[in-house]
Structures are given as C-alpha cells and as structure tokens.
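*Asks:* What follows is a structure written as structure tokens; I'll ask about it next.
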Amino acid sequence: MTSSTGLTLKNIKKSYGKTEVLHGIDLDIKLGEFVVFVGPSGCGKSTLLRMIAGLEDITSGDLFIEGHNVNDIPSAMRGIAMVFQSYALYPHMTVYDNMAFSMRIAKEDKATIDERVTSTAAMLQLTDYLYRLPKALSGGQRQRVAIGRAIVRNPKVFLFDEPLSNLDASLRVQTRIEIANLNESLKETTMIYVTHDQIEAMTLADRIVVLSAGKIEQVGTPLELYGQPANLFVAQFIGSPAMNIFTVTLIKSGELTSIQSQNGHQVDIPIKSHSDIENQTLSIGVRPEDFRLADQASCMLSGTISFVESLGEVTLLHLDSAESKVPVIVKIPGIINKHKGETIYLTVDADKTHLFDANGISLRYL
Amino acid sequence: MQSIPSNKSNRVMMSLKQMRRSPLMLLVHLSVLLLVLLWTFPTAGLLISSFRDKDQLAVSGWWEALSSSEQNLIGRTDAPDQQVLLDGEYVLAGKIEDFNPKDEILRFGWTSQEPEAYLAGSVAKMRDGGTLTVAGDGRYSMASPTPFTGSRGNRVFYTALASPKFTLDNYDEVLHSEGIGQSFINSLTVTIPATIIPILIAAFAAYALSWMRLPGRGILIALVVGLLVVPLQMSLIPLLQLYNTIGGYFGVSAKSYLGIWLAHTGFGLPLAIYLLRNYISGLPKEIIESARVDGANDFDIFVKIILPLSFPALASFAIFQFLWVWNDLLVATVFLGNGEHELVLTGRLRELLGSRGGNWEILTASAFVSIAVPLTVFWTLQRYLVRGLLTGSVK
Amino acid sequence: MEQLYYSLLAMLLGVFACVFYFFGSNWLLGVIFPINHVSNQKMAKNIRRAAAIRPWLFLGPALFFLGLYLVYPVFDSVYLSLHGRNGEDFVGLANYQWLFNDNEFIESLINNVMWLLIVPALSTFFGLIIAALTDRIRWGNIAKSLIFMPMAISFIGASIIWKFVYDYRAEGSDQIGLLNAVVEYFGGTPQAWITIPFWNDILLMVILIWIQTGFAMVILSAALRGIPEETVEAAVLDGANGIQIFFKILIPQIWGSIAVVWTTITILVLKVFDIVLAMTNGQWDTQVLANMMFDWMFRGGGDFGRGAAIAVIIMIAVIPVMVWNVRQANAQMEGR
C-alpha cells in the first residue's frame, strides 16, 4: 500500500440473512480524491457508505483506510467523519456542544476543543450561532453545523450521505459550491459522497462510481461517464433526459462498424468491433442533445411530434417513431417553432453515438 | 389536554362549519354541559362538604350549603346564682349560652321529649308554675315563684335556622386526630422511591431493546407486552410467601418499606419499559449513528443523548407511576403493615370507612386530603399524562 | 417527617445503586475487554465481546425484577393452586372443584361477567360521545379536562365520593346523598341503594365508568383527530350529514383505537377490587373475583391454595387479551 491510497475496497460483500445486497465491490480511492457514489435507490450505495463508516458490518472482503485494514475497527477509530442526510444534529445541544461532542468523548483538553470549534465555526460562518440550539437555525445553517462537526474531527475520510436532499433548490446549489470549496481546502482529505442526483455527482466528483443492484457499473470521471458510458445502464443513468436507445443490426465489423437500422438506413460508426458479433442485434444510443434537424433526404430518423416542452434555453420534442417503442426525446437548443402532430427528420453525427452489444456492454470497452 | 395538536382538528372543524351553524349546535353545547356537570358534581360535593360545619353537614345536602338550615340544638340558661327577685318572682334572663348570634331560633322547648313544643316568642309553661320565653334572637326569660337551685342553668332545646358555616375544623381534626397527617407522610414515603427507581432501570432496558444488537430481542419485547396485562393478583400470594421466608431468614418483618418499593418497581416495570421503548425506538436513527461515529459507546449514547431526549417519556411514566402508587390500596395492604408509621392514605381511608362510616365530615376531609396530591399532579402535568396514555396503550 | 428523609435517602440510595451498577459494570467491561493500547486484532475481538455483553448488563436489573415479581409468581400461583392452604400438601384440582361448587364464587363469576359486559361498553360509549362532541365546541378542552380528572383519583377516594352520593337517610329527614335527594325530588322513595342486589352492582359500576370514561375519551379524541381531514371534507362534498359522517366515515377509521380502549378497560375490570372492598366488601350479592381472592388470602389466617386458584381464574380470563396485545405489538414491530 502506498501512502497515496486513501481507501481500498477489496471484494466487499454484504448480506442481510440470505439476501446478498452487495456482490463484491472492488475500488481504489486515491488520497484526497472526491468520489461520488451514484445510483438508483436500493442499489446499495448507502449501505456501502455505511460499511465504510463502520455502521454496518462487512460480511466479507477487506476495507483499507490509508493502508490499514479497518474491517473490525469501530467507527470512531477509523478516522472518518460523516455528514448525514438529516444532519443528525443533537437537538438538545448548542452548536458549540454539537461540534465539541466528539472531542469531549475523546477527552481532549478544553483549550484544544475551544480552539478547534471556534476556528471551524469561523470557517463556516457559524460564529454568531455557536450558542444556539439546532432548532433555532435555518436548514442551510444546520447543514453547515453538520459539516463543521465532521471537520473538527480532522478525519482522513469524509463521508456524505445525500447531504443536500433536505435543502430547497437554491440552497442546494449554494451548499454544493461550499462543499466543492471545502474539498479544495482539505487537499489531504478523501471524500466520499452518496447521492441519487446526477447533477451533484457530475459537478462535485473527481470520479463517479455508478452502482446498480449491488454492483459497480462503471468508475470514471464525470466526462468519461458521459462520453463513454461502459454499458446501457450507465448510458441511460447519466444525462438528462436519458439517452435514446434503438435496435440495429451489425452488418460489418472492423475499425469502422457498419450498422443498419430497422428501416434500412446504414451508417458507419467509428467504433471498433469484433467480427464474431457480425449480424447480431445491437443497441445504438443517441443522446437527445446529439440529434440535429435535417431534411427528409439525409435523415436517419423520422417521427411525429407527440409532445413539445419549451423550456426557453432548449426545446424538448417527444417523437413517436417507427424505430423505437418508447418515445424518442430530442433536445434542440433555443426556441423552435414545431407543433404537435408535425413530422420531423433528424440526423446524428456518427462519432457521437454509442454501441452496445446484446449484453448491454459498450463496444468501446470490449 | 393542551398537548393534542389542535391545528389539524381546527381545520376539520372548519370543514364542518355547516354543522356548527345548525340549531343542533345548541344541543351539543347543552349535552356537553350536562355531561360535565354529571362528572364533576360528585367531586364537588365532596369538596364542599369537607368545609362545612359538621352539624350542618349531617342534616342538609351540600347543594344547600349556602342556604340556612334548621338545626336542633341544645343550650343553657345562665346559672341560678344570676337570678333576681322581681315582683315576687324569681327571674333569670339573658342570652342562651353558646347561641350563635347569626342564627335565628324558630321553636323551643324545655324537655328532651318535646324539644320544639313552643314557637319562638311564646310563653312556655314549666312545672311548678314557672314560665320560659325564648325570643328569635336567643334572648330568654325564665320566671318561677320558687327560687332556682343547682349549680348550672336549665337546659333549653331549640330549633334554629342556622346560617351557613364553613370551617377548616374538619381538616384540623383529620390531620391531627385521625392520623391522616401521618398517613400522608407514609404515602409519600412509599411513593417517591417507588416512582424514581423503576424509571432508571426501565430506561436502560428500553434503550437495549431499541438500539442494541441482541439475540431474542423480539421475544423480550413480546414478553414485556405480555406482562403488561398480567393481573397483580397472580403475584400477591407467591411474593407474600417469599417475603415471609426472607423476613424469617433475616429475622425482620416481612412488611417493610423496602419490600413495597421493590414490589412497586417490579409491577411498574412492564409499563415503564413499554412506554419508554416506544419513545426511544422512535428517536432518529441517524442521531445515534452520528454519536457512534463521534466515538460514543452505548453507555455514552444512553447518558448523553438518549436520556436528555427522552425527557417527555420519562415524565409521562413518572406521572403514571406516581398516580398508581399513590392511589394503590392492594399492594400496600398486602406488603406493608398497619402500624401508625406504615399505614398509607388509601389504607387509612379504608379503615375510616369502617370505623367512622357515618361521620361524613371526617370522610370527606380525609378523602380530599388523599386526592389533593394526585389532582394537583393532574392539573399541572396533564399534557404529559395524555402523551403517556397515547404512547402507552398497545396499538 | 424523619421518615420522609429516610424515603428521600432511600430514593437517593436506589438511584445511586442503579447508577453505580450501570457505570460500574460498564467500567468493568472496559477493564476486562480493553480497546486501547492493544493490537488491532485483539481490539476488534474485545469490541465484539463487549458489545455482545453490554445489552445484557443494561437489561439485567429489569429482567431480574420482571422475572421475580411477575414471571415466577405466575408459575408459583399455578403450583400453589394445586396445593392445600399452606401450599404444602398436593391436592390436585380440589381447590378448583371447591370453587365451582361454591356459591360465592359463582356469584362473583356472574358479577364479573356483568362488570365485563357493562363497564367497558359504557366507558367506551361515553368516551366516544364526549370526544366527538367536545371536538366541536370552543370550551371542549376544559370540558375534557374536567371529565378526565377522575382518572387521577384513587378507587378508594372515588368510593368515598360516591358513597356520599348514595348516602341514605330514613324517609322524612333531609337526604344528604345526591341520589336520594334527586329520587325524592321526583317523588320517589329514598332507598339504601347499596344494599339492594343488582342495583347496587350497577351503582358500583358507575364509579368505575366515571373513572374510566376520561381514559376512553382521551384515546378516542386523539384517534378522531388523527383521521385525515380530507376524508371528512370529501364526505361533506359528497353530501353526507353529521350523523352519517360520524358513523360511516369517522367510526370505521378508529376501530383500532376503540379496540385498544375496550381491551384496556376489560383488563382493569377483571382486577377491580378496591371499589367493592370499600363500598360493600362483597355483601349484598356484589362479590367479585379479585375481592374474593383478597378475602381468601387472609380469611382465617389465609388459604393460599384457594386464593391462588381464584388468581389463576383471573389470569385465564386475561390470556386472550394478552395474546391479542402481543400479536398487535409484533405486527407493529414488523411494520417498522
């Protein structure tokens, strides 16, 4: 283990009775890295975080923090701190006492406690509220107290469990920026952040871990996940509205892959493919923002508008198309003059498409 | 009942505005008033009676406490040494001894056989040719051809319209001569430790049953729920035997304060654990986990987080247990003796019911002393009581 | 007064003993299974062990008291009920045989059944009516407090209050009991009600109903208020009148609470003792099981066999409610 490793998970599994909810998680997190666990609810991301925190037992596998196996080490001795979804402030203690609690348990001397609490409070602009009870604070202030309570412990690993989900929209953006700044200032501290909100994930993360049904689907930087999703799940999970998927047949493999859509269009895609999947059915993915309006002659796809969402900066068109069973969603910049019932024609740049084999794995990763 | 959030119901009431406007509403007001009167009259009667003069209490209903009542009384004339000789007759005149100047004499008589034979102001013929006149204001004049003899005055029987009298004499009597004062202290002696001790024991158990990993937790909780309804009667004989054995072994009395404290602790625990567990298990999980991440062990968490946050539930149970122990008769009768320094208020009341069954001035005052404490607790801490009831009943 | 100091001292000692026990055992656990200055492996092991033991330390005193004061007596009572008056000679079912041939027992049984039928029903009924009515008027909370108040009064205190209400003076003299005064006012003849079989039972039940209606009212009032107001509003829009809303919308939604109130009062009724003891001591056909059991505990120096047998009968009557409660609690826990 080198000292640049923040956290290592080796084949971590979790079962409740006979039900396995995490099926072997392997992950390396670098020191000081900001990693976001994202996935639909029930995918096991919170369980994984709670196992790192020591709030859940590890059924099998090994967990290392900065090189030390901490499987059986209690939470408090793992060098972690956690910010909970509901903030979990102690309602009967003042802000000061909330922040001092862990140090008092650890029997730090008074001067140290006072110094740390005051400086942390100053950093988070909480100095004026130190002697208030949590119930006298606004949502954003409570959030900052929760973060402050974690900071004073000087943790090696900072854990966030959906910390923004109880805030309203404007506060959420603001607090997101504060957390990003915090990450800037605590360079040595590894941060792990759980959310179901992909915007939080995309904006905060150095790397994102996409989880689904107790497995890691993909690990990568936000733009890797967006540009080169490893599989259909990630492709559809990242990006909003979700990527459109059409069924195509692979006609010719090679450096350029030729595919034929159901209505007979043929396109060459600059993705390498292996010859043993020739003539198989594949899925092609196109993000809504990658479509362009075209005329009937050069179009790859046509459809009737079933619904128009004019959002000002973009216009979302819902199309009924022969190519797809579910409505195709197209995102066009600006305001356009299209109405329900019109037929429109679309084209796509071949290099912006994604190909997935019958198992849903991206051809880029095969 | 301030504790029940009324916001919501207000809105329900708003939506029922149509009904409020109907003439039925008057009926609702009247029927609630009737029910309230029905429910408060008995206690009011007790309270009013306990302050009434005991002679008045015995002859008229408490609802007539403010009106004058007829009372049969006995007084005396002045002693014979006050007599004067006037026109050849010996005369005694003055005010009837002990006559309350606020009263008015209606009828009088001079023998116990005919205590109200004459109207006030008329002249009564006595034996030996003597006469007696008693006026409504208590003045009398007695004349006789022969001198009055003896050392004391004559008895005069009269019926007076007595004005209402309120007094603290009844309380004075029960507190000092009937042993209620001592019993009050005995009751406190039983109640205070028997309220506090089970709370601590139950709080720890409730925390363990809520938040600690423990094999068989479900079974233990079911056991507590089951024990909630086990009748006390099941425990009396076995425990009495056990206490006798232990007392005999150590050569001390089987009936002691320690014994009853422990008994009340045991009997109160199922409700205490159940109530506190319901509350403690409803505390937010994240707060407890947060404390755990902060380095607190179960003991720290209990003392520093759970106890302060559970104050409402602790208060609820304390009130229940206090009322139950204070009002208990059965456990006290079985496990505590009858001595002057042991008999509790409920036991004393029972004794008085037997020995002073007809003396309502004693019974009403004693009963009121015994219910004064729980009523005070009730009126000051009602909202905790209501909250306790709502979390305490198995739903 | 001196004795009050003893009691405060006892309370402090008791609290201190508890604190000492919990702190002490926790400290001891830390000494036996240290987590500082030991290897990681050992620490992990010690933490696991301490965590396995600690819940039992927390539960220990409670389990001791529950076991000694409630669980053991249940079994011992059954044992004693099969033995003679001193609890020594085995007599089989003789005590039960005696019971079912004893007139007083049959009378108690019948009376208890009457109590069980009447008291929970009327308490719940009045509680529900009062809860529903007071919710609609502005001074409802005061009314509720006044009706709830008897809850704080001891059974024996309540007995004196009502004995005064039932007091009887020979015809002709002024009645000082409210009941006879009312009877007389309406032209009836005053009676010594407490001595008239059947009616005296009813009058004793009135006392318990008077006490318990407040309890029923509090629970049912909270249940009524817990009903989502939208359901009432929807019914108003659908054109239901007040009575229809009450019976077709409100009542069906609070069946659970009604059951809770009913069973709680039922249990209480089975144990009713103080009222009968104070009012009649079982004379004039008012005997009930709990008072009869108390009687046999001490009668002629005490017959523990027969007393225990009556206790077991009361216990058997409680069991259905107990099973129901445990099931409810389990269902509730699984729901969490």
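*Asks:* Looking at (1) within 28 Å of A:Glu115 (Cβ to Cβ); (2) modelled with pLDDT of 90 or more; (3) surrounded by fewer than 21 Cβ atoms within 10 Å (Cβ to Cβ), find the lone condition where A:Gly32 falls short.
*Replies:* So A:Gly32 meets the others, but not (2).
*Asks:* If a residue must be within 14 Å of chain C (Cβ to nearest Cβ) and either out of contact with any Ser or Thr (no Cβ under 8 Å at 6 or more places or on another chain) or in a strand (DSSP E or B) (or both), how many such residues does region B:68-97 contain? Can you show your working first?
*Replies:* First pass over region B:68-97, keeping only residues within 14 Å of chain C (Cβ to nearest Cβ): B:68-72.
Next, only the ones that are either out of contact with any Ser or Thr (no Cβ under 8 Å at 6 or more places or on another chain) or in a strand (DSSP E or B) (or both) stay: B:69-72.
The total comes to 4.
*Asks:* Only strands (runs of 3 or more DSSP E) wholly contained in region A:197-291 count here; list those with 3 or more residues that are touching a helix residue (DSSP H, G or I) at 6+ places or on another chain (Cβ under 6 Å) and either crowded, with 18+ Cβ neighbours inside 10 Å or at pLDDT 90 or above (or both).
*Replies:* Values: elements: A:207-212, A:215-220, A:244-252, A:257-261, A:266-269, A:281-286.
Counting at least 3 such residues, we get A:207-212.
*Asks:* Give region C:97-140 a look and list any residue that's buried (at least 17 other Cβ atoms within 10 Å of the Cβ), in a helix (DSSP H, G or I) and of a type outside the set (A, V, I, L, M, F, W, C), or say none.
*Replies:* Looking only at region C:97-140, we keep the residues that are buried (at least 17 other Cβ atoms within 10 Å of the Cβ), and these are C:99, C:105, C:107-109, C:111-112, C:115, C:118-120, C:122-124, C:126-137, C:140.
Next, only the ones that are in a helix (DSSP H, G or I) stay: C:99, C:105, C:107-109, C:111-112, C:115, C:118-120, C:122-124, C:126-134, C:140.
Once the filter is applied, which keeps residues that are buried (at least 17 other Cβ atoms within 10 Å of the Cβ), in a helix (DSSP H, G or I) and of a type outside the set (A, V, I, L, M, F, W, C), region C:97-140 yields C:Glu107, C:Ser108, C:Asn111, C:Asn112, C:Pro120, C:Ser123, C:Thr124, C:Gly127, C:Thr134, C:Gly140.
*Asks:* Of the conditions (1) facing another protein chain (nearest Cβ under 8 Å); (2) assigned to a helix (DSSP H, G or I); (3) not charged (D, E, K, R), B:Ala296 clears all except one; give me its number.
*Replies:* Against the list (1) facing another protein chain (nearest Cβ under 8 Å); (2) assigned to a helix (DSSP H, G or I); (3) not charged (D, E, K, R), B:Ala296 comes up short only on (2).
*Asks:* If you go through region A:76-85 one residue at a time, do you hit one that is within 14 Å of chain C (Cβ to nearest Cβ) and outside any helix (DSSP H, G or I)?
*Replies:* Pass one, region A:76-85, residues within 14 Å of chain C (Cβ to nearest Cβ): A:76-79.
From the residues that got through so far, the ones that are outside any helix (DSSP H, G or I) too are A:78-79.
Looking through region A:76-85, at least one residue is within 14 Å of chain C (Cβ to nearest Cβ) and outside any helix (DSSP H, G or I).
*Asks:* Follow-up. Quick one: what pairs do we get from region A:306-317, first residue buried (at least 16 other Cβ atoms within 10 Å of the Cβ), second of a type in the set (A, V, I, L, M, F, W, C) and part of a loop (DSSP other than H, G, I, E, B), C-beta under 8 Å, 6+ apart or different chains?
*Replies:* Correct list of pairs: A:Thr315/A:Ile335; A:Thr315/A:Ile336.
*Asks:* While we're on this one: Every residue in region A:182-200 that is among the hydrophobic types (A, V, I, L, M, F, W, C) and closer than 15 Å to A:Ser41 by Cα, please.
*Replies:* Narrowing region A:182-200 to residues among the hydrophobic types (A, V, I, L, M, F, W, C): A:182, A:186, A:191-192, A:194, A:199.
Scanning region A:182-200 gives a single hit, A:Val194.
*Asks:* Kindly check whether there is at least one residue in region A:122-134 that is touching a strand residue (DSSP E or B) at 6+ places or on another chain (Cβ under 9 Å) and either within 11 Å of another protein chain (Cβ to nearest Cβ) or at pLDDT 90 or above (or both).
*Replies:* Filtering region A:122-134 down to residues touching a strand residue (DSSP E or B) at 6+ places or on another chain (Cβ under 9 Å) leaves none.
Checked against the condition, which is being touching a strand residue (DSSP E or B) at 6+ places or on another chain (Cβ under 9 Å) and either within 11 Å of another protein chain (Cβ to nearest Cβ) or at pLDDT 90 or above (or both), region A:122-134 yields no hits at all.
*Asks:* Let me ask something additional. Of the numbered conditions (1) outside any loop (DSSP other than H, G, I, E, B); (2) closer than 13 Å to A:Phe246 by Cα, A:Ser324 fails exactly one; give the number of that condition.
*Replies:* (1)
*Asks:* Let me ask something else about it. Please go through region B:275-287 and give me each residue that is surrounded by fewer than 22 Cβ atoms within 10 Å (Cβ to Cβ) and of a type in the set (A, V, I, L, M), ordered by number.
*Replies:* B:Leu283, B:Ile287
*Asks:* Could you grab the pairs with beta carbons closer than 6 Å, sequence gap of 6+ or different chains, first residue in region C:89-104 and within 15 Å of C:Trp296 (Cβ to Cβ), second one assigned to a helix (DSSP H, G or I) and at pLDDT 80 or above?
*Replies:* Once the first residue is within 15 Å of C:Trp296 (Cβ to Cβ) and sits in region C:89-104, its partners that are assigned to a helix (DSSP H, G or I) and at pLDDT 80 or above give C:Asn95/C:Ser81; C:Asn95/C:Gly305; C:Asn95/C:Arg306; C:Asn95/C:Ala309; C:Tyr96/C:Ala309; C:Leu99/C:Phe105; C:Leu99/C:Ala309.
*Asks:* Of the residues that make up region C:218-238, is at least one part of a helix (DSSP H, G or I) and within 16 Å of the chain's Cα centre (by Cα)?
*Replies:* Among the residues of region C:218-238, at least one is part of a helix (DSSP H, G or I) and within 16 Å of the chain's Cα centre (by Cα), which makes the answer yes.
*Asks:* Specify the residue that is farthest from C:Ser123 (Cα to Cα); the eligible residues are those in region C:255-276 that are aliphatic (A, V, I, L, M) and at the interface with another protein chain (Cβ under 7 Å from one of its Cβ atoms). Break it down stepwise before answering.
*Replies:* Step one: list which residues in region C:255-276 are aliphatic (A, V, I, L, M), which gives C:258-261, C:265, C:267-270, C:272, C:275-276.
Next cut, at the interface with another protein chain (Cβ under 7 Å from one of its Cβ atoms) only: C:260, C:267, C:270.
Working: C:Val260: 13, C:Ile267: 13, C:Leu270: 15 Å.
In this case the residue turns out to be C:Leu270.
*Asks:* OK, next. Taking B:Ala272 and the conditions (1) within 8 Å of chain C (Cβ to nearest Cβ); (2) within 15 Å of C:Pro61 (Cα to Cα), which numbered condition does it fall short on, given that it satisfies the others?
*Replies:* It is condition (1) that B:Ala272 fails.
*Asks:* For B:Asp172, only one of the following conditions fails: (1) in contact (Cβ under 8 Å) with a residue 12 or more places away in the chain; (2) surrounded by fewer than 19 Cβ atoms within 10 Å (Cβ to Cβ). What is its number?
*Replies:* Of the numbered conditions (1) in contact (Cβ under 8 Å) with a residue 12 or more places away in the chain; (2) surrounded by fewer than 19 Cβ atoms within 10 Å (Cβ to Cβ), the odd one out for B:Asp172 is (1).
*Asks:* For residues that are among the hydrophobic types (A, V, I, L, M, F, W, C) and within 7 Å of chain A (Cβ to nearest Cβ), tally how many sit in region B:276-290. Quick ask: steps written out before the conclusion?
*Replies:* The initial filter retains those residues of region B:276-290 that are among the hydrophobic types (A, V, I, L, M, F, W, C), namely B:276, B:280, B:283, B:287-288.
Next cut, within 7 Å of chain A (Cβ to nearest Cβ) only: B:287.
Counting residues in region B:276-290 that are among the hydrophobic types (A, V, I, L, M, F, W, C) and within 7 Å of chain A (Cβ to nearest Cβ) gives 1.
*Asks:* Right, next: Among the residues of region A:143-156, is any on the phi < 0 side of the Ramachandran plot, surrounded by fewer than 16 Cβ atoms within 10 Å (Cβ to Cβ) and outside any helix (DSSP H, G or I)? Outline the logic, then answer.
*Replies:* Going through region A:143-156, the residues on the phi < 0 side of the Ramachandran plot turn out to be A:143-153, A:155-156.
Of the ones still in play, those that are also surrounded by fewer than 16 Cβ atoms within 10 Å (Cβ to Cβ) are none.
Taking every residue of region A:143-156 in turn, none turns out to be on the phi < 0 side of the Ramachandran plot, surrounded by fewer than 16 Cβ atoms within 10 Å (Cβ to Cβ) and outside any helix (DSSP H, G or I).
*Asks:* Could you look through region B:44-55, keep only residues that are out of contact with any Asp or Glu (no Cβ under 9 Å at 6 or more places or on another chain) and surrounded by 22 or more Cβ atoms within 10 Å (Cβ to Cβ), and pick out the one that is farthest from B:Leu168 (Cα to Cα)?
*Replies:* Out of the qualifying residues, it is B:Gly45.
*Asks:* Within region B:329-342, identify whether any single residue is out of contact with any strand residue (DSSP E or B) (no Cβ under 7 Å at 6 or more places or on another chain), within 7 Å of chain C (Cβ to nearest Cβ), assigned to a helix (DSSP H, G or I) and under 26 Å from B:Leu47 (Cα atoms), and answer yes or no.
*Replies:* Here is the first cut: in region B:329-342, the ones out of contact with any strand residue (DSSP E or B) (no Cβ under 7 Å at 6 or more places or on another chain) are B:329-342.
From what is left, the residues that are within 7 Å of chain C (Cβ to nearest Cβ) are B:329-330, B:341.
So of that shortlist, the ones also assigned to a helix (DSSP H, G or I) come out as B:330.
Next cut, under 26 Å from B:Leu47 (Cα atoms) only: B:330.
Yes, region B:329-342 contains a residue that is out of contact with any strand residue (DSSP E or B) (no Cβ under 7 Å at 6 or more places or on another chain), within 7 Å of chain C (Cβ to nearest Cβ), assigned to a helix (DSSP H, G or I) and under 26 Å from B:Leu47 (Cα atoms).
*Asks:* Among residues belonging to region B:318-344 that are in contact with a Phe, Trp or Tyr (Cβ under 9 Å, 6 or more places away or on another chain) and of a type in the set (S, T, N, Q), point out the one that is surrounded by the fewest Cβ atoms within 10 Å (Cβ to Cβ).
*Replies:* Looking at the filtered set, the residue picked out is B:Thr333.
*Asks:* Any idea which residue in region C:282-293 is surrounded by the most Cβ atoms within 10 Å (Cβ to Cβ), counting only those that are at pLDDT below 85 and out of contact with any Pro (no Cβ under 9 Å at 6 or more places or on another chain)?
*Replies:* That would be C:Gly282.
*Asks:* Another question, if that's okay. Select from region C:145-177 the residues that are hydroxyl-bearing (Ser, Thr, Tyr), outside any helix (DSSP H, G or I) and surrounded by fewer than 24 Cβ atoms within 10 Å (Cβ to Cβ) and write down the one among them that is nearest to the other protein chains (Cβ to nearest Cβ). Write out each step before concluding.
*Replies:* Quick first cut of region C:145-177, residues hydroxyl-bearing (Ser, Thr, Tyr) only: C:145, C:154, C:159, C:166, C:168, C:173.
With outside any helix (DSSP H, G or I) added as a condition, the list becomes C:154, C:166, C:168, C:173.
Checking the rest, the ones that are also surrounded by fewer than 24 Cβ atoms within 10 Å (Cβ to Cβ) come to C:166, C:168, C:173.
Numbers: C:Tyr166: 10, C:Tyr168: 11, C:Ser173: 8 Å.
Out of the qualifying residues, it is C:Ser173.
*Asks:* So which residues in region B:365-395 are within 22 Å of the chain's Cα centre (by Cα) and either within 7 Å of another protein chain (Cβ to nearest Cβ) or at pLDDT below 80 (or both)? Steps first, please.
*Replies:* Going through region B:365-395, the residues within 22 Å of the chain's Cα centre (by Cα) turn out to be B:365-386.
Answer for region B:365-395, where residues must be within 22 Å of the chain's Cα centre (by Cα) and either within 7 Å of another protein chain (Cβ to nearest Cβ) or at pLDDT below 80 (or both): B:Ala367, B:Ser370, B:Ile371, B:Pro374, B:Leu375, B:Val377, B:Phe378, B:Gln382, B:Val386.
*Asks:* Condition test on B:Ile74, is it surrounded by 20 or more Cβ atoms within 10 Å (Cβ to Cβ) and at pLDDT 75 or above?
*Replies:* no
*Asks:* For A:Pro91, indicate whether it is more than 14 Å from chain C (Cβ to nearest Cβ), crowded, with 16+ Cβ neighbours inside 10 Å, in contact (Cβ under 8 Å) with a residue 24 or more places away in the chain and touching a helix residue (DSSP H, G or I) at 6+ places or on another chain (Cβ under 9 Å).
*Replies:* Criteria not met by A:Pro91.
*Asks:* Name the one entry in C:Met297, C:Met279 that is within 11 Å of chain B (Cβ to nearest Cβ), closer than 30 Å to B:Pro238 by Cα, free of Cβ contacts under 8 Å to residues at least 24 places away in the same chain and surrounded by 15 or more Cβ atoms within 10 Å (Cβ to Cβ).
*Replies:* Step by step, each of C:Met297, C:Met279 is checked, and only C:Met297 is within 11 Å of chain B (Cβ to nearest Cβ), closer than 30 Å to B:Pro238 by Cα, free of Cβ contacts under 8 Å to residues at least 24 places away in the same chain and surrounded by 15 or more Cβ atoms within 10 Å (Cβ to Cβ).
The values are calculated or read from the model by the stated rules, or taken from the named source; none is laboratory data. Fair warning: this is a prediction, and the values are worked out from it, not measured in the lab. Reconstructed Cβ throughout: ideal geometry from the backbone, glycine too, with neighbour counts over all protein chains shown.
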